[in-house]
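K.L.:
Let me begin by handing over the structure; questions about it come next.
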Amino acid sequence: MHLRRNQGHPSPASPAAGRDGGAARLGRAGTGRETPSRLRGTSSFAHHFAGTLTLLLATLTSAFGQANQRPSPRLGYVYPAGGQQGTTVTVSVGGQNLIGASAAFFSTSGIEVKVVGHERPLTQKELNDLREKAQLLQEKKRAAARANASAPAFTAEDEKAAEDIRHLIATRGNRQATPAVAETVTLQLTLAPDVPTGEHEFRLRSTAGLSNPLVFCVGQLPENTAPVITATSARGPQRGRVSDPRIRSRDEREVALPAVLNGQVLPGETDRFRFTAKQGQRLTFAVAARSLLPYLADAVPGWFQATLAVYDGKGRELGYADDFRFNPDPVLVCEIPADGTYTLEIKDAIYRGREDFVYRITAGELPFVTSIFPLGGAIGERVSFAVKGWNLPLAKLEIDAREKAPGTYLLSVREHGVQSNTVRFALDARAPLLESAAATRGATPLALPALVDGQIEKAGNEDTFSFIGTRGSEIVAEVYARRFGSPLDSMLTLNDANGQRLASNDDSDDKGAGLLTHHADSRIAVTLPADGTYTIRLTDAQGRGSPDHGYRLRIGPPEPDFELRVVPSTINLRAGATVPITVYALRRDGFAGEIVLGLQNAPTGLALSGARIPAHQDMVRLTLTAASNAREETRTLLVAGTASIGGRAVTHRAIPADDMMQAFAYRHLVAAKELRLCIAGRGSTPRLTSRIPARLRLDPLTRIRIATPAMKNVRNVTFELREPPPGITVQSVAQRGDSAEVVLSCDRSKMKPGQQGNLILEAYGERGNNSKATQRVQRSPLGTVPAIPFEVAADLAPAS
């Protein structure tokens, strides 16, 4: 059995307990093993070319890489998205702003990295310069061919330069590449034999800073990987032929199972694998695609929706899957009917594809856990689970929870030394009641507060519980099922002693579960109208049921608490500068109090401004400032929040997350393992000289004074509010040397007296020659002002 702490979902009774920001194995503290892997070598994409061509591209790359205020590097995919322990694997990382890759950071140790190269589509200027150079070489060749004594000789070096230019234009002059994955950095990763298996985070460091994280998997099985497809190697759509699986296509690969199969899918393509198997083998094929890249902003439904099929030697379909329960990544189990050769097929459900449609298929006669019961247990004791699935070595297992903290954990089993998939369970401070399937008559009485582990074992079944309530008491009933991998689509109904329905709920959204595709867990919160006996009925909304339909039900008084998410999970900051970040409060059971934010174990020279989430608000935009003498480094950062709940101080760490867009419209907070800070370069921060908090009023208007040395050499300084609350705008800016006065305008119809929050102001100015001859004026960012707390004054009340 393998067991590790999970950063996923909270225990029902302790929403934020046990979240230490890492995915360390139990028994190890936090993320102590997580260290950066340094890159060796050069990232210059022109190092293969000679003479003037190398000089030209190196100069262009250097100028491009040193541009002021470059956007942070953004990773779109890594392929293959994993490797086997104890091997060396070459991976391609597609994204933007990747010039000057110099370091990689994994959320685990034991991975060495070496850069192999960097490619990107040429800019139009670079193309024009190369074409001009090619024309000059062509004219030189013609002159030499005319045997003109005064003409310089056309040398072998000239011929090589001309060939290199033709190759570069042909391979990297593609302007149709998807911008989000147009650049590619190639890395060589050496995985130590003892690198922990499972999903880890990977970030790339370039001259523009540190990238967003991507998932990188480490496994035990041999890896079979198709050649990489990059933006510069894919010359437009390559629609694959949808043919009879009995016809062996050029793209079909011979594989030996068990193995991990890696590939990418372009538009219309279907990837096929041929393998041999013996009668009676129970093979599992588990896809990782959506789990590698959870949300694609510009694709519908917002992820690579893979489908799997297995065919026998005569082309007959033995199995098909396009998901696993509610998970978009399909899992297929297939019992082999006879010795022979078989074909596995993977494609996108609607034949889409792109370089970032990356997949991994874990294939073979391997263990796979489909469910456990119960979904949790109590700390301080040994907890037994019934385990179901395929190719499992046992039907029951026991874990020792006597020294564990409340929270959620991941569990897996091993068969013949191979580790299965992981499933989630909870440990709670209180002992749960096991619902008895034999108790079919009447309602099971509960003494509140109660925690119940149960199952909807058959289609149409329902579980009913009763409790004694008093008038005016607040009661919360909440189901945890889908958040723990159960297929149950719960429905809760609360009835009074007369059988009259007081409340019901099917689905309740959990903003902390950013990866769920269907928020199917139910929640009811009511104030009881009278003394008496009440009943809670729990069913499956679709009328389904099975022993896999497990649930955990919490019933009792509200347990106010909160969780925090800090966005983004990667912060790039210059010494002496300020950057905005956002912290979200996920409030539980009616908690509405103020939350004070702070840094834990942070180096000197870092400061948060506006570090407070006002009461009754769910988020705040604040800023992080680095002192001018802060050293350049990349490190993990911890943000925590403290609030008073029931007369005691409660502190929770903020889980790093990224605000991801799905299918052009929907947004999700996707949790990361680490909050990474990269301090590089020098900048400047405008300094607030007004008193704070700022009181927003109509008469007199609110005036904020700001000073910054950066304003000395610029003209037409402006200030812009970044994502301000509705109703607040910048009315005017008056510049006086290295200081400015910003006048704010307020719309009383959109604001409430007493409203609080932060204002984020960003300064801009004009540099350059403003003469009529050149008309070259550059609008430059001058820095971000540390967050300005505000409060709306009483005289801003809407007019009657």
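K.L.:
Would you please name the residue that is nearest to the chain's Cα centre (by Cα), looking only at residues in the stretch 609-618 that are surrounded by 15 or more Cβ atoms within 10 Å (Cβ to Cβ) and more than 15 Å from Thr642 (Cβ to Cβ)?
P.N.:
Filtering the stretch 609-618 for residues that are surrounded by 15 or more Cβ atoms within 10 Å (Cβ to Cβ) and more than 15 Å from Thr642 (Cβ to Cβ), the one nearest to the chain's Cα centre (by Cα) comes out as Gln617.
K.L.:
Which one is surrounded by the most Cβ atoms within 10 Å (Cβ to Cβ), of the residues in the stretch 537-571 that are over 21 Å from Gly376 (Cα atoms) and among the β-branched types (Val, Ile, Thr)?
P.N.:
Ranking the candidates gives Val566 first.
K.L.:
Taking interchain pairs and intrachain pairs at least six residues apart, which have beta carbon atoms under 6 angstrom, with the first residue in the stretch 181-204 and within 12 Å of Gly76 (Cα to Cα) and in contact (Cβ under 8 Å) with a residue 12 or more places away in the chain and the second part of a loop (DSSP other than H, G, I, E, B) and of a type in the set (S, T, N, Q)?
P.N.:
Short answer, once both residue conditions are applied: Thr184/Thr230; Arg203/Ser211; Leu204/Ser211.
K.L.:
Mind listing whichever residues of the stretch 700-721 are loosely packed, with under 14 Cβ neighbours inside 10 Å and assigned to a loop (DSSP other than H, G, I, E, B)?
P.N.:
Scanning the stretch 700-721 gives Pro700, Leu701, Lys712, Asn713.
K.L.:
Against the conditions (1) farther than 28 Å from Asp747 by Cβ; (2) touching a strand residue (DSSP E or B) at 6+ places or on another chain (Cβ under 9 Å); (3) open to solvent by less than 70 Å² (accessible area, probe 1.4 Å), where does Asp659 fall short? Just the number, please.
P.N.:
With respect to (1) farther than 28 Å from Asp747 by Cβ; (2) touching a strand residue (DSSP E or B) at 6+ places or on another chain (Cβ under 9 Å); (3) open to solvent by less than 70 Å² (accessible area, probe 1.4 Å), Asp659 is out only on (1).
K.L.:
Looking at (1) closer than 19 Å to Val670 by Cβ; (2) modelled with pLDDT under 95; (3) buried (at least 17 other Cβ atoms within 10 Å of the Cβ), can you tell me which one His518 breaks?
P.N.:
(3)
K.L.:
State all residues of the stretch 662-699 that are among the aliphatic types (A, V, I, L, M) and open to solvent by 70 Å² or more (accessible area, probe 1.4 Å); if no residue qualifies, say none.
P.N.:
Ile692
Yes/no per residue for (1) surrounded by 17 or more Cβ atoms within 10 Å (Cβ to Cβ); (2) of a type in the set (Asp, Glu); (3) free of Cβ contacts under 8 Å to residues at least 12 places away in the same chain; (4) closer than 27 Å to Lys278 by Cβ:
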residue	(1), (2), (3), (4)
Gly313	no, no, no, yes
Arg316	no, no, yes, yes
Ala321	yes, no, no, yes
Pro328	yes, no, no, no
Glu335	no, yes, no, yes
Tyr342	yes, no, no, yes
Glu345	yes, yes, no, yes
Ala349	no, no, no, no
Glu355	yes, yes, no, no
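K.L.:
Another one. Taking the conditions exactly as written (β-branched (Val, Ile, Thr) and either touching a Lys or Arg at 6+ places or on another chain (Cβ under 6 Å) or not in a strand (DSSP E or B) (or both)), does Thr623 satisfy them or not?
P.N.:
Taking the combined requirement at face value, the residue does not satisfy it.
K.L.:
For the subset of the stretch 722-734 comprising residues that are buried (at least 17 other Cβ atoms within 10 Å of the Cβ) and of a type outside the set (A, V, I, L, M), which member is nearest to Pro580 (Cα to Cα)?
P.N.:
Pro724
K.L.:
Please find, among Leu375, Leu394, Leu448, the residue that is more than 23 Å from Val479 (Cβ to Cβ) and either touching a helix residue (DSSP H, G or I) at 6+ places or on another chain (Cβ under 8 Å) or open to solvent by 40 Å² or more (accessible area, probe 1.4 Å) (or both).
P.N.:
None of the others qualify; the one that does is Leu394.
K.L.:
Within the stretch 256-276, count every residue that is of a type outside the set (S, T, N, Q), open to solvent by 10 Å² or more (accessible area, probe 1.4 Å) and assigned to a strand (DSSP E or B).
P.N.:
Result for the stretch 256-276: 2.
K.L.:
Which of the strands (runs of 3 or more DSSP E) found entirely inside the stretch 305-384 contain at least 2 residues meeting this: among the aliphatic types (A, V, I, L, M)?
P.N.:
306-311, 317-321, 331-335, 340-348, 358-364, 368-373
K.L.:
Answer yes or no: is there a residue in the stretch 279-292 that is of a type in the set (Ser, Thr, Tyr) and out of contact with any Asp or Glu (no Cβ under 8 Å at 6 or more places or on another chain).
P.N.:
no
K.L.:
Gly280: in contact with a Lys or Arg (Cβ under 7 Å, 6 or more places away or on another chain), in a loop (DSSP other than H, G, I, E, B) and either modelled with pLDDT under 95 or not charged (D, E, K, R) (or both), yes or no?
P.N.:
no
K.L.:
Between a residue in the stretch 664-680 that is without any contact (Cβ under 8 Å) to a residue 60 or more places away in the chain and any residue that is of a type in the set (D, E, K, R) and part of a strand (DSSP E or B), which pairs come within a Cβ distance under 7 Å, given they are 6 or more apart or on different chains?
P.N.:
Arg667/Asp659
K.L.:
Please go through the stretch 572-608 and pick out each residue that is polar (S, T, N, Q), open to solvent by 30 Å² or more (accessible area, probe 1.4 Å) and in a strand (DSSP E or B).
P.N.:
Asn572, Gln600
K.L.:
Quick check, is Ser249 more than 29 Å from Leu122 (Cβ to Cβ), in contact with a strand residue (DSSP E or B) (Cβ under 8 Å, 6 or more places away or on another chain), modelled with pLDDT under 95 and in a loop (DSSP other than H, G, I, E, B)?
P.N.:
Considered against the rule, which asks whether it is more than 29 Å from Leu122 (Cβ to Cβ), in contact with a strand residue (DSSP E or B) (Cβ under 8 Å, 6 or more places away or on another chain), modelled with pLDDT under 95 and in a loop (DSSP other than H, G, I, E, B), Ser249 comes out as yes.
K.L.:
Still on this model: For Gly86, indicate whether it is more than 30 Å from Ile571 (Cα to Cα), in contact with a strand residue (DSSP E or B) (Cβ under 7 Å, 6 or more places away or on another chain) and not in a helix (DSSP H, G or I).
P.N.:
Judged against the criteria, Gly86 is a match.
K.L.:
Does the stretch 309-318 include one or more residues that are closer than 30 Å to Gln542 by Cα, under 34 Å from the mean Cα position of the chain (by Cα) and at pLDDT 95 or above?
P.N.:
yes
K.L.:
Could we say that Ala256 is in contact with a helix residue (DSSP H, G or I) (Cβ under 9 Å, 6 or more places away or on another chain), at pLDDT 90 or above and of a type in the set (A, V, I, L, M) here?
P.N.:
No: the conditions fail for Ala256.
K.L.:
Still on this structure: Report yes if Lys404 is surrounded by fewer than 18 Cβ atoms within 10 Å (Cβ to Cβ) and not acidic (Asp, Glu), otherwise no.
P.N.:
no
K.L.:
Right, next: May I ask you to verify whether Leu624 is buried (at least 20 other Cβ atoms within 10 Å of the Cβ), modelled with pLDDT of 95 or more and closer than 19 Å to Thr784 by Cα?
P.N.:
Yes: the conditions hold for Leu624.
K.L.:
Out of the residues in the stretch 108-119 meeting the condition of being open to solvent by 10 Å² or more (accessible area, probe 1.4 Å) and either under 9 Å from Glu183 (Cβ atoms) or part of a loop (DSSP other than H, G, I, E, B) (or both), tell me which one is modelled with the lowest pLDDT.
P.N.:
Glu119
K.L.:
Filter the stretch 712-730 down to residues that are of a type outside the set (Lys, Arg) and over 38 Å from the mean Cα position of the chain (by Cα) and give me whichever is modelled with the lowest pLDDT.
P.N.:
So, considering only residues that are of a type outside the set (Lys, Arg) and over 38 Å from the mean Cα position of the chain (by Cα), the one modelled with the lowest pLDDT is Asn713.
K.L.:
Of the residues that make up the stretch 191-199, is at least one open to solvent by less than 20 Å² (accessible area, probe 1.4 Å), within 21 Å of Glu119 (Cα to Cα) and not in a loop (DSSP other than H, G, I, E, B)?
P.N.:
no
K.L.:
In this structure, does Gln500 turn out to be open to solvent by 10 Å² or more (accessible area, probe 1.4 Å) and under 19 Å from Pro374 (Cα atoms)?
P.N.:
No; evaluated as a whole, the condition is false for this residue.
The values are calculated or read from the model by the stated rules, or taken from the named source; none is laboratory data. Since the structure is predicted, the reported quantities are computational estimates derived from the model, not experimental observations. Cβ atoms come from the backbone with ideal geometry, glycine included; neighbour counts cover every protein chain shown. With ligands, DNA and RNA removed, areas are computed over all heavy atoms of the protein, side chains included. Shrake-Rupley method; radii C 1.70, N 1.55, O 1.52, S 1.80 Å.
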